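> Okay, handing you the structure first.
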Ligand code: NAP
């Protein structure tokens, strides 16, 4: 079984970003990360995004507010960042605390700064196969990983376990645009094993440790594991029981070290695309 390594894909994206930056005037494209509260998962994602983007030669500002911020105050702060001409891209860490309306932010965010594809305009572009917008970074990271390892998609049977707006659904659209035959599974899927066994490419994005095991996949299948979970030993793991895939899957991504590393690289790529578009350069396609 070939282990598909996120770091290798990230290194390729870094080269693309570096090349695009050569033709851009300073200042460096600038990302604003918006965090409300002290959720450890958000802090960890923020830390890895800051590290990756800085390595890539990009600038990052972190904006942090207390979890009990009033909705009006948050909206005021958000709008000032949304309108700030010095900020090229925005990453809003979610979910937001209950008193804040995510939908309001989704509708207000400038689509040209919406690096994680949360606005209805960017979602519609993903749905219609228009590459000028931004797909959610994780969904696109799966596509980048397949592209970097030259894994063909056209005509292949792809099963995606998970139908969230952040991963499963947009990924299904990106796969369809690349001419895959797509099956989407969720908690009401009657026979998950049958759907998984049917897949030539299986993407697990359920958030459930050990959901996918070797006996659920076809010989030679490619398993892309998006899940991030903590197992009973307190260790980070994906949705697939990685060791059980060996000898059955032809390729698989590990967790950690797989899709996650590519997600922050895609965020960097999106930031350069946003800055190029906003500054009137030719737009590198995401
Ligand atoms: P989510 O919003 O909780 O959605 C999970 C989806 O999986 C839902 O559609 C759910 O079905 C489905 N599901 C859950 N358990 C299932 C089961 N036993 N059988 C079949 N379907 C099942 O999660 P998400 O935001 O999409 O994230 C999914 C995973 O990816 C999480 O582990 C998350 O941490 C990880 N993630 C990773 C990255 C990265 O960069 N690597 C980025 C984002 C998220 P229903 O719709 O029926 O509830």
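> Read through the list (1) modelled with pLDDT under 95; (2) over 23 Å from residue 265 (Cα atoms), then give the number of the only condition that residue 71 fails.
Of (1) modelled with pLDDT under 95; (2) over 23 Å from residue 265 (Cα atoms), only one is false for residue 71: (1).
> Taking only the range 230-240 into account, find how many residues are crowded, with 17+ Cβ neighbours inside 10 Å and without any contact (Cβ under 8 Å) to a residue 60 or more places away in the chain.
Narrowing the range 230-240 to residues crowded, with 17+ Cβ neighbours inside 10 Å: 237-240.
Imposing the further condition that a residue be without any contact (Cβ under 8 Å) to a residue 60 or more places away in the chain reduces the set to 237-238, 240.
Going through the range 230-240 one residue at a time, the tally reaches 3.
> Residue 1 passes all but one of (1) in contact with a strand residue (DSSP E or B) (Cβ under 7 Å, 6 or more places away or on another chain); (2) away from the ligand (no atom under 16 Å from the Cβ); (3) more than 30 Å from residue 220 (Cβ to Cβ); which number fails?
Against the list (1) in contact with a strand residue (DSSP E or B) (Cβ under 7 Å, 6 or more places away or on another chain); (2) away from the ligand (no atom under 16 Å from the Cβ); (3) more than 30 Å from residue 220 (Cβ to Cβ), residue 1 comes up short only on (3).
> Go over the candidates 213, 244 one by one and state the one that is free of Cβ contacts under 8 Å to residues at least 40 places away in the same chain, within 16 Å of the ligand (Cβ to nearest atom) and not assigned by TED's automatic domain parsing to the domain that holds residue 59.
Values: 244 fails: within 16 Å of the ligand (Cβ to nearest atom).
213 is the lone residue from the list that is free of Cβ contacts under 8 Å to residues at least 40 places away in the same chain, within 16 Å of the ligand (Cβ to nearest atom) and not assigned by TED's automatic domain parsing to the domain that holds residue 59.
> For the range 196-208, what are the residues that are part of a helix (DSSP H, G or I) and either under 19 Å from the mean Cα position of the chain (by Cα) or over 19 Å from residue 142 (Cα atoms) (or both)?
Scanning the range 196-208 gives a single hit, 197.
> Of all residues in the range 247-259, how many are surrounded by fewer than 24 Cβ atoms within 10 Å (Cβ to Cβ) and within 13 Å of the ligand (Cβ to nearest atom)?
4
> Something else now. Are any residues in the range 36-61 farther than 20 Å from residue 95 by Cα and within 16 Å of the ligand (Cβ to nearest atom), and if so, which ones? Please lay out each step first, then the result.
Here is the first cut: in the range 36-61, the residues farther than 20 Å from residue 95 by Cα are 51-60.
Selection gives 51, 52, 53.
> Right, another one. Condition check: part of a strand (DSSP E or B), modelled with pLDDT of 95 or more and over 16 Å from the mean Cα position of the chain (by Cα). Does residue 107 satisfy that? First the steps, then the outcome.
Numbers: part of a strand (DSSP E or B): no; modelled with pLDDT of 95 or more: yes; over 16 Å from the mean Cα position of the chain (by Cα): yes.
No.
> Which is within 21 Å of the chain's Cα centre (by Cα), crowded, with 20+ Cβ neighbours inside 10 Å, within 18 Å of residue 164 (Cα to Cα) and in contact (Cβ under 8 Å) with a residue 12 or more places away in the chain, of 31, 53, 115? Show your work before the answer.
Values: 31 fails: within 18 Å of residue 164 (Cα to Cα); 53 fails: within 18 Å of residue 164 (Cα to Cα).
Every option except 115 fails the conditions.
> Taking the range 142-155, which residues are on the phi > 0 side of the Ramachandran plot and either without any contact (Cβ under 8 Å) to a residue 12 or more places away in the chain or part of a strand (DSSP E or B) (or both)?
150, the sole residue that qualifies.
> Given the residues 195, 206, which is the only one that is near the ligand (Cβ under 10 Å from one of its atoms), surrounded by fewer than 21 Cβ atoms within 10 Å (Cβ to Cβ) and either under 19 Å from residue 146 (Cβ atoms) or assigned by TED's automatic domain parsing to the domain that holds residue 155 (or both)?
When all the criteria are applied, what remains is 195.
> So, one more: Looking at this structure, is residue 141 surrounded by 23 or more Cβ atoms within 10 Å (Cβ to Cβ) and in the same structural domain as residue 253 (by TED's automatic domain parsing)? Break it down into steps so the answer makes sense when it comes.
Values: surrounded by 23 or more Cβ atoms within 10 Å (Cβ to Cβ): yes; in the same structural domain as residue 253 (by TED's automatic domain parsing): yes.
For residue 141, the condition - surrounded by 23 or more Cβ atoms within 10 Å (Cβ to Cβ) and in the same structural domain as residue 253 (by TED's automatic domain parsing) - is met.
> A follow-up question, please. Out of 223, 255, 182, 158, which single residue is part of a loop (DSSP other than H, G, I, E, B) and modelled with pLDDT of 95 or more?
Values: 223 fails: part of a loop (DSSP other than H, G, I, E, B); 182 fails: part of a loop (DSSP other than H, G, I, E, B); 158 fails: part of a loop (DSSP other than H, G, I, E, B).
Step by step, each of 223, 255, 182, 158 is checked, and only 255 is part of a loop (DSSP other than H, G, I, E, B) and modelled with pLDDT of 95 or more.
> Separate question: Every residue in the range 174-191 that is within 14 Å of the ligand (Cβ to nearest atom) and surrounded by fewer than 18 Cβ atoms within 10 Å (Cβ to Cβ), please. Give the steps one after another, and end with the answer.
Residues of the range 174-191 that are within 14 Å of the ligand (Cβ to nearest atom), as a first pass: 183-191.
Passing the criteria: 186, 187, 188, 189, 190, 191.
> State the number of residues belonging to the range 209-220 that are part of a helix (DSSP H, G or I) and surrounded by fewer than 16 Cβ atoms within 10 Å (Cβ to Cβ). Spell out how you get there, then give the answer.
Here is the first cut: in the range 209-220, the ones part of a helix (DSSP H, G or I) are 214-216.
Cutting the leftovers down to surrounded by fewer than 16 Cβ atoms within 10 Å (Cβ to Cβ) gives us 215.
The qualifying residues number 1.
> Failed condition for residue 81, given (1) away from the ligand (no atom under 16 Å from the Cβ); (2) within 22 Å of residue 266 (Cα to Cα); (3) under 21 Å from the mean Cα position of the chain (by Cα), with all others met?
(3)
The values are calculated or read from the model by the stated rules, or taken from the named source; none is laboratory data. Values in this document were obtained by computation on a predicted structure and should not be read as measured data. Please note: Cβ atoms are built from the backbone with ideal geometry, for glycine as well, and neighbour counts cover all protein chains shown.
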